[in-house]
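No value in this document is a laboratory result; all are computed from the given coordinates. Note that this is a predicted model, so its numbers are computed, not measured. Cβ: placed from backbone, ideal geometry, glycine included. Neighbour counts: every protein chain shown.
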């Protein structure tokens, strides 16, 4: 069975796998193959936007206005699509119309898309070549013969019945293509032999993992030639794609979502208390964090150095570093202004949030508070202002809270010398800051003494494989995944993220090998 080509603005009619719908308000899909296939996943908003931009050359971001989709941890972890609402179908249809119109307003972009002119009204060679080329890029695979014939018929109908010229007819075909499930869904059609899906689907998995967008012609050519079946070739292609400027998207899409740096642009800071936080500084903070994290992907810095690696220089954030004493050597993720800001409230620090950012996000350790426990700090009593440490004492005295806070507070309070935007300070509410504590039995005077202890924690090397595997497979993990996660962690040993990526992309499940998937 092949995908149908009809798409209506109201009442979508598509044909996927073994399911069809006519005049209904939803899209019906079914799983294909027996391996770990992702037979019908919606492109995320960022993937849709990037794919539109890479395909057409426009700067439009239509998916920013699509209906929100509930996801678990990563925006792609929404599960296999069960239905497409009428609102979603309307949004997809309108986006296809608008972005194609935008592209064809530009003579330069039009020339890039329409690369030939038919010799006569009966010449099929030119429109057929355009259908094949544009369809292959839009659907991330080569079109089969019946699809080519159907889109060629759409072209001729536009020329004859709609009285369109050649360029407008090509634009019409492209609108129909972008309204097809083969464009806005990640569809993996059954493959041959061990592989659960077609060879081009591996190129698509790889490109959306690393670039957050469609594969280019080179990647599709290599995949459809069968060369990516070789582990060494797949690893080499992974490295090449990471080195491409588009490889920087991996940092924002994976690490940015995992560690929260994608939220910097929307994070609320009380600028009346922290006037140093300007739009330029905020951009600089995000850029520094991305540069820092990118070094773990393309460089030789191992992940176990996450808490100790030096910071990249960034002149835009100097207003936040101006108060640093000469004896302070910022290093590691925890002293980046990005982490310190994101783990704070708009007007004050939050040692608990900072500690949970490490324990839950970087160590994959659940810290869900007991039912009925109030996690907010008690308000100031209106008399002598209390430091955050003093206010946390209320929680530590509560038996229901003490267990978690005895674990969290030494870590979070060690960062109290940094305010809610990451500036160094020595006082809180006019009183000297005490950043000392005892972390898992070891006394520490400040964060500089804590960082080496965190770097030695084995949970750091066990958590990253779990996060990356979930991101790569576009789903939440379950008990059946534990053997594979343990294998990744034991082989990787908290090396570079590039090395971990190598393991993931050659794994049986990522390749779609049915009988070997965990």
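Annotation: the residues 272, 60, 85, sorted from fewest to most other C-beta atoms within 10 Å of their own C-beta, follow the order 272, 85, 60. Each peptide among 318-328, 275-285 gets the average number of other Cβ atoms lying within 10 Å of its residues, and from highest to lowest they stand as 275-285, 318-328.
Take every Cα pair under 8 Å whose residues are at least 6 apart in sequence, average their separation, divide by the length of segment 436-518, and the relative contact order is 23 percent.
Put simply, when 209-215, 472-478 are sorted by average Cβ atoms within 10 angstrom per residue, most first, you get 209-215, 472-478. Between residue 271 and residue 64, the distance separating the two model label sites (each 7 Å from Cα on the Cα→Cβ line) works out to 1.8 nm. Here segment 139-297 is described by how far its Cα atoms reach on the three principal axes: 65, 46, 22 Å, from widest to narrowest. Between residue 426 and residue 85, the modelled label-to-label distance comes to 5.6 nm, taking each label 7 Å out from Cα in the direction of the beta carbon. For the pair residue 125 and residue 192, the difference between a 0.36 nm per residue extended length and the Cα-Cα distance amounts to 21.0 nm. Here the Kirkwood formula puts the hydrodynamic radius of segment 458-516 at 11.5 Å, using every distinct Cα pair.
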